[in-house]
Amino acid sequence: MESAVHAAVPLRVGKKMRKRRELDALVGGGGGRGGRLLSASSDEGEPWARRSCRRRRSRPFVRLAAALALCVCVVSAATVLWLFVDVRRQIVSLRIEMDRVSTSSDGVGDALQLCHTAAKELRANASELSVRLARLELEHSELAKRVEQASSELSQVSEQLSAAPKLADTPRRLAELQRNVADFGSQINGFDSALKSAHKLALTATSGVDEVRTSLHDLEARTNETIANVTATAKRTGELEVQIGAVNATVNARVQEFQTRLEAATRTTSTVAPTAAPSTTQVTSGAPTTSSTTTAAPPPGPPVKPNILQ
């Protein structure tokens, strides 16, 4: 029977080995029932021993994992803060650029107003010049008619002189006609110079109007570009505000998660593992004598692993 008991129960070193030897000595020839009781009672401590051994082995790994998690959280928090500072710097630069663009757009509006007033003045001058040119052309046509009439009269007088050469007043009339022709010629020359100057003024006015139109087109293009830049800057500002909101939400979530983990870790490390109650094992043999032994409970295990590291 002793050989059967020794075959059923595996050998261990330390206190358990001594207890088993004492139990074997007490049981003696107690039969199969005593062997079964001995094997059943001796196997109760195995799970506790294995669990305590595993916990002792996992302690440094748990500490290392906690340290690594702390380092990762610190690095991530530093990275998020750096990104937040960079985004704020970009927002400040964009605000400065927006102010500069707004000031330049105000200057462009003043320049546009000045160009509009200059264009109105040039248009008024061009209309006045066109009116003067039309009046000069009318006067020129009237003078041309008068010159034709004078030439026809002169031809008639020359015919009359040729028909009646003895007319006494013919030289006087010829002199008057010559003076009139000279006056008409000088007036025609003055009108020609006035017409040329009017044409030059009209050409300069049209060129000025064209230049004003080109400058207006350029200013309109610049205004459109300024408006596009302002809209793009506003869009970028909106996107940066959205990104800042997301970064703030992420930072808050990370900080709250880190605080909850720290609280859970401190709570689990501060708790003490419960101790097991002592168990009493009684072994009765078939002999007339009866003996009882009390087995001590295994030592309490290590503290429970924190929830965040399981």
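Some points to look at:
- Cβ pairs under 6 Å, 6+ apart, first in the range 87-103 and within 13 Å of V230 (Cβ to Cβ), second hydrophobic (A, V, I, L, M, F, W, C) and part of a helix (DSSP H, G or I): V101/V230
- When each of S186, S158 is tested for being exposed (fewer than 11 other Cβ atoms within 10 Å of the Cβ) and assigned to a helix (DSSP H, G or I), the lone residue that passes is S186.
- Yes/no for T231 being over 22 Å from the mean Cα position of the chain (by Cα) and modelled with pLDDT of 85 or more: no
Table: residues versus (1) at pLDDT 85 or above; (2) under 30 Å from L114 (Cα atoms); (3) out of contact with any Pro (no Cβ under 7 Å at 6 or more places or on another chain).
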{"site": "V147", "(1), (2), (3)": "yes, no, yes"}
{"site": "Q160", "(1), (2), (3)": "no, no, yes"}
{"site": "R179", "(1), (2), (3)": "yes, no, yes"}
{"site": "A194", "(1), (2), (3)": "no, no, yes"}
{"site": "L203", "(1), (2), (3)": "yes, yes, yes"}
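- In the set (1) closer than 30 Å to G107 by Cα; (2) surrounded by 14 or more Cβ atoms within 10 Å (Cβ to Cβ), the condition left unmet by T206 is number (2).
- The combined condition, being within 30 Å of V62 (Cβ to Cβ) and either modelled with pLDDT of 85 or more or assigned to a helix (DSSP H, G or I) (or both), is not fulfilled by A249.
- Subset of the range 228-252 (residues that are of a type in the set (V, I, T), free of Cβ contacts under 8 Å to residues at least 40 places away in the same chain and within 25 Å of T103 (Cβ to Cβ)): T231
- Residue in the range 143-154 that is part of a helix (DSSP H, G or I), touching a residue at least 60 places away in the same chain (Cβ under 8 Å) and among the β-branched types (V, I, T) present: no
- Scanning the range 187-210 for residues that are of a type in the set (V, I, T) and more than 16 Å from A124 (Cβ to Cβ) yields a single hit, I188.
Here is a yes/no grid of residues against (1) modelled with pLDDT of 85 or more; (2) in contact with a helix residue (DSSP H, G or I) (Cβ under 9 Å, 6 or more places away or on another chain); (3) more than 30 Å from H199 (Cα to Cα):
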| position | (1), (2), (3) |
| --- | --- |
| R50 | no, no, yes |
| V80 | yes, yes, yes |
| I96 | yes, no, yes |
| V101 | no, yes, yes |
| D106 | no, no, yes |
| L122 | yes, yes, no |
| L138 | yes, no, no |
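- Residue match in the range 181-190 (condition: within 60 Å of the chain's Cα centre (by Cα) and modelled with pLDDT under 85): no
- Flag for S215 being in a helix (DSSP H, G or I), more than 30 Å from E97 (Cβ to Cβ) and not aliphatic (A, V, I, L, M): no
The values are calculated or read from the model by the stated rules, or taken from the named source; none is laboratory data. Quick caveat: nothing in here was measured; it's all calculated off a predicted structure. Because the Cβ atoms are built from the backbone with ideal geometry, glycine has one as well, and the counts that use them run over all protein chains shown.
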